[in-house]
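First up is the structure itself, then whatever we jot down about it.
The values are calculated or read from the model by the stated rules, or taken from the named source; none is laboratory data. Note that this is a predicted model, so its numbers are computed, not measured. Cβ coordinates were reconstructed from backbone atoms using ideal geometry, including for glycine residues, and neighbour counts include every protein chain displayed.
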Amino acid sequence: MNEENFKSLINVETKKINLENHYWLKPELLSKIGIIAHNLQELSLRRMNLLTNMNFKDIFEACHHLVSIDFADCTGLHSTALQLCFKNNKTLKEIQLSGCINAIDDASIRLVPTLENIQFIDVSYGKKLTDHGLVNFGEKKLPIDSITLNGCTGITSLGLAVLIGSCSATLVNYEGAFLD
């Protein structure tokens with residue numbers, strides 16, 4: 001697929017886009033996904049390291065219906081754009097952010113408890129994430145059934161207890177390897 005083909009395939013009716021490893025698509029084009037396909041519900045840009053925080057910001061300013069995101073290993077995504085994503089997409093159910101080392105921090109994770117339909121969270125290798133970011137999960141009852149925190153070395157058993165306490169009735173899958 002080239003850029004012309006891609007532009008001809010997406011429109012306001014597009015609900016799902018998976019562009020994992022599509023390195024040849026220019027960031028300038030990808031930053032317009034939200035404008036062109038603003039009813040988008042599922043977006044995967046896994047391993048698209050050419051995208052900058054500004055590109056992600058442009059996408060999230062226009063997308064307000066996302067249910068599932070997969071930005072694993074997108075190092076250009078930072079906390080500010082991720083926070084915009086969470087604020088503009090209250091219908092999110094699945095968050096795949098493993099390896100987003102610049103996006104996963106206390107400021108962004110504090111918004112996750114506002115996503116009342118959230119079911120799946122993978123923030124593995126979010127080394128900037130600490131117990132302070134997990135405090136907002138306290139007193140919440142969320143429908144989370146899967147949590148993956150591999151390599152989140154800033155989290156202690158105290159923060160983990162708060163997070164798991166918010167979804168103890170629904171949690172069926174937990175991964176937490178390489179925690180300190």
Can you tell me which residues in the range 102-121 are surrounded by 22 or more Cβ atoms within 10 Å (Cβ to Cβ) and closer than 13 Å to D73 by Cβ?
A103, I104
Determine whether the range 56-66 contains at least one residue that is among the hydrophobic types (A, V, I, L, M, F, W, C) and modelled with pLDDT under 95.
no
Assuming A62 fulfils every condition listed in (1) at positive phi; (2) touching a Gly at 6+ places or on another chain (Cβ under 6 Å) apart from one, which condition is it?
(1)
Looking for whichever is of a type in the set (K, R), closer than 16 Å to L82 by Cα and out of contact with any strand residue (DSSP E or B) (no Cβ under 6 Å at 6 or more places or on another chain) here; the options are K57, K26. Which one fits?
K57
Hey, any hits in the range 94-108 for a residue that's farther than 26 Å from H22 by Cβ and free of Cβ contacts under 8 Å to residues at least 12 places away in the same chain?
no
Looking for something of a type outside the set (S, T, N, Q), closer than 26 Å to D58 by Cβ and in contact with a His (Cβ under 7 Å, 6 or more places away or on another chain) - is there at least one such residue anywhere in the range 98-116?
yes
Filtered residues of the range 25-52 (kept if in a loop (DSSP other than H, G, I, E, B) and more than 24 Å from I101 (Cβ to Cβ))
K32, A37, H38, N39, L40, Q41
Could you please let me know if I59 is outside any helix (DSSP H, G or I) and among the hydrophobic types (A, V, I, L, M, F, W, C)?
no
Which pairs do you get when a residue that is closer than 13 Å to L30 by Cβ and modelled with pLDDT of 95 or more, found in the range 6-18, comes within reach of a residue that is surrounded by 12 or more Cβ atoms within 10 Å (Cβ to Cβ) and of a type in the set (S, T, Y), reach meaning Cβ atoms under 9 angstrom, with the pair 6+ apart or on two chains?
I17/S44; N18/S44
